[in-house]
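**Student:** I have a structure I would like to understand better, so I am pasting it below and will then ask my questions one at a time.
The values are calculated or read from the model by the stated rules, or taken from the named source; none is laboratory data. For clarity, every value in this text was computed on a predicted model and none was experimentally measured. Positions of Cβ are generated from backbone atoms using ideal geometry, with glycine treated the same way; all protein chains shown enter the neighbour counts.
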Amino acid sequence: MHTILNKILENNSLLDRKKVKRVVLVYAQKLFYIGDTCFMLDNIKPCNSFFAKAKIDLSFTPDDKNLAGLQALIKNNPYANSVTISEWEELPLEEYDVVFCAMSDEAKFLSVVEQKYGALLAEGKMHTAFFSLSKNFIYPVDRGVAVFPDYPELVSFLKEGKEEIVHELYISAEEKDWANQWYEAQGVKNEEELYIVFDSASMRSKVLRIDTYFRTLHWLLSGEKARVLMICENIAEKKALYTECLGEKIVSKIIFANRQGLRKDIVLMSADCVKMIFGPCTGLLHCASGIYNYFTANGMPAHKVPLIITYTGRYPHAVENAYFWWGNSPLVNCLLMKNFSGKPQLCVLNELDEHEKRETANVLECKDYSAEMLTDFIGKRLHAAYAY
């Protein structure tokens, strides 16, 4: 394989990015986290700029267990020329100027390249450049040993522009129409205020105490025009629990809906009737942020953007904090509980000074939120958002 890698290095050294017309990103990861994948796919836009708007194709393998999730997040992305589902052996890599691999097992991909293109590369008849982008697209614990060389110029370009990348998720007019019709079929009236509430996360430490959560939800549903959408795995089980905690009268204002697949669950957040999206630090809140970043970039007035609130606590890894995940999400009210001189205080990330945005030593846990703090904050923000 050293011979093939040497020929690849030779091709890479001759690459003139100004002349690049066709690029393919071959993507294969073992783990799938919605939020992380949103962040990684955001790199496609600056890659497009780096290559002066060359056509960038994405390729996934048909046996990828994460395929449906990846397709849900990449759909309608204007910076991806095409998305193909193909075995590596079937990809016409010789037709591309540049091949990027973002995968958990680069050695396996190199073996395929050597078997299919080894002779062409050795004879100098194939001039395609090959680079690794696994560090930029693959979650760290899922990342194997990089076999293909880096592209330092592109990596620097992505790093320098990271602070400027605002996550966008591309919802079509047809999809939004479907969401509006779906709510209409559920009996949501024009004068009602629809709140989407997420009640689960990948770890128990990322959600509120049960009593705090249900007191907050009870308050929210006490509003005369309030309706809540709950997307569930098991409607009967969820409805029974909520009825026990809230009573039948309050629960009658909740729409319990089965999951319809990630894309449709995402699209439901785009409807005109949605006035608030509330939940823990999860991938679906990143999707909500991406939807409305895209809508506002395309002319949606501020008063039509729903109130988006995510609450955060302490993160298990020092490098990850609320600022890491939400520091560049202008439409999201990211909440933190901080200890100032022995007193817990509810804070909004984008209202803190630059030091406190990144400071983690005084951050409290999600169990430290109180219903009074949350209802006071939500009430004031809802009033401010819709007092026009």
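**Student:** If residue 82 satisfies every condition in (1) in contact with a Phe, Trp or Tyr (Cβ under 9 Å, 6 or more places away or on another chain); (2) at pLDDT below 95; (3) closer than 30 Å to residue 259 by Cα but one, which is the exception?
**Tutor:** Exception for residue 82: condition (1).
**Student:** Being closer than 20 Å to residue 115 by Cβ and of a type in the set (Asp, Glu) is the filter here; which residues of region 53-104 pass it?
**Tutor:** Passing the criteria: 63, 87, 89, 90, 94, 95.
**Student:** Moving on to the next point. Tell me which of these residue 26 doesn't satisfy, since it passes every other one: (1) assigned to a helix (DSSP H, G or I); (2) β-branched (Val, Ile, Thr); (3) buried (at least 19 other Cβ atoms within 10 Å of the Cβ).
**Tutor:** Failed condition: (1).
**Student:** Could you tell me whether residue 68 is buried (at least 16 other Cβ atoms within 10 Å of the Cβ), modelled with pLDDT under 95 and either within 26 Å of residue 42 (Cβ to Cβ) or touching a Ser or Thr at 6+ places or on another chain (Cβ under 6 Å) (or both)?
**Tutor:** no
**Student:** Now, a different point. With 76, 136 as the choices, which residue is touching a Ser or Thr at 6+ places or on another chain (Cβ under 8 Å) and outside any strand (DSSP E or B)?
**Tutor:** Working: 136 fails: touching a Ser or Thr at 6+ places or on another chain (Cβ under 8 Å).
Testing whether each residue is touching a Ser or Thr at 6+ places or on another chain (Cβ under 8 Å) and outside any strand (DSSP E or B) leaves just 76.
**Student:** Assuming residue 148 fulfils every condition listed in (1) among the hydrophobic types (A, V, I, L, M, F, W, C); (2) under 22 Å from residue 38 (Cβ atoms); (3) assigned to a loop (DSSP other than H, G, I, E, B) apart from one, which condition is it?
**Tutor:** (2)
**Student:** Just wondering, is there one or more residues in region 107-114 that are among the aromatic types (Phe, Trp, Tyr), part of a helix (DSSP H, G or I) and in the same structural domain as residue 90 (by TED's automatic domain parsing)?
**Tutor:** We begin by selecting, within region 107-114, every residue among the aromatic types (Phe, Trp, Tyr); these are 109.
Those left that are additionally part of a helix (DSSP H, G or I): 109.
This time we only want the ones that are in the same structural domain as residue 90 (by TED's automatic domain parsing), so: 109.
Within region 107-114, one or more residues are among the aromatic types (Phe, Trp, Tyr), part of a helix (DSSP H, G or I) and in the same structural domain as residue 90 (by TED's automatic domain parsing).
**Student:** Residue under question is residue 263, and the condition is that it be within 24 Å of residue 182 (Cα to Cα) and either of a type in the set (Lys, Arg) or within 19 Å of the chain's Cα centre (by Cα) (or both); does it hold?
**Tutor:** Numbers: within 24 Å of residue 182 (Cα to Cα): yes; either of a type in the set (Lys, Arg) or within 19 Å of the chain's Cα centre (by Cα) (or both): yes.
Judged against the criteria, residue 263 is a match.
**Student:** Kindly indicate which of 176, 135, 125, 116 is at pLDDT 95 or above, more than 27 Å from residue 292 (Cβ to Cβ), out of contact with any Gly (no Cβ under 9 Å at 6 or more places or on another chain) and of a type in the set (Lys, Arg). Write out each step before concluding.
**Tutor:** Numbers: 176 fails: more than 27 Å from residue 292 (Cβ to Cβ); 135 fails: at pLDDT 95 or above; 125 fails: at pLDDT 95 or above.
Just one listed residue meets the conditions, 116.
**Student:** Find the strands (runs of 3 or more DSSP E) located wholly in region 209-296 whose residues include 1 or more that are without any contact (Cβ under 8 Å) to a residue 40 or more places away in the chain, and list them.
**Tutor:** Values: elements: 226-232, 254-258, 274-280.
Hits in region 209-296: 226-232, 254-258.
**Student:** Output yes when any residue across region 42-55 is of a type in the set (A, V, I, L, M), surrounded by fewer than 19 Cβ atoms within 10 Å (Cβ to Cβ) and over 30 Å from residue 261 (Cα atoms), and no when none is.
**Tutor:** Scanning region 42-55 turns up at least one residue that is of a type in the set (A, V, I, L, M), surrounded by fewer than 19 Cβ atoms within 10 Å (Cβ to Cβ) and over 30 Å from residue 261 (Cα atoms).
**Student:** Restricting attention to region 359-388, which residues are within 13 Å of residue 312 (Cβ to Cβ) and of a type outside the set (A, V, I, L, M, F, W, C)?
**Tutor:** Within region 359-388, 360, 365, 367, 368, 369 qualify.
**Student:** If you don't mind, there's one more thing I want to ask. Here is a check on your reading of the model: is residue 52 over 22 Å from the mean Cα position of the chain (by Cα), at pLDDT below 90 and assigned by TED's automatic domain parsing to the domain that holds residue 136?
**Tutor:** Numbers: over 22 Å from the mean Cα position of the chain (by Cα): yes; at pLDDT below 90: yes; assigned by TED's automatic domain parsing to the domain that holds residue 136: yes.
Answer is yes for this residue.
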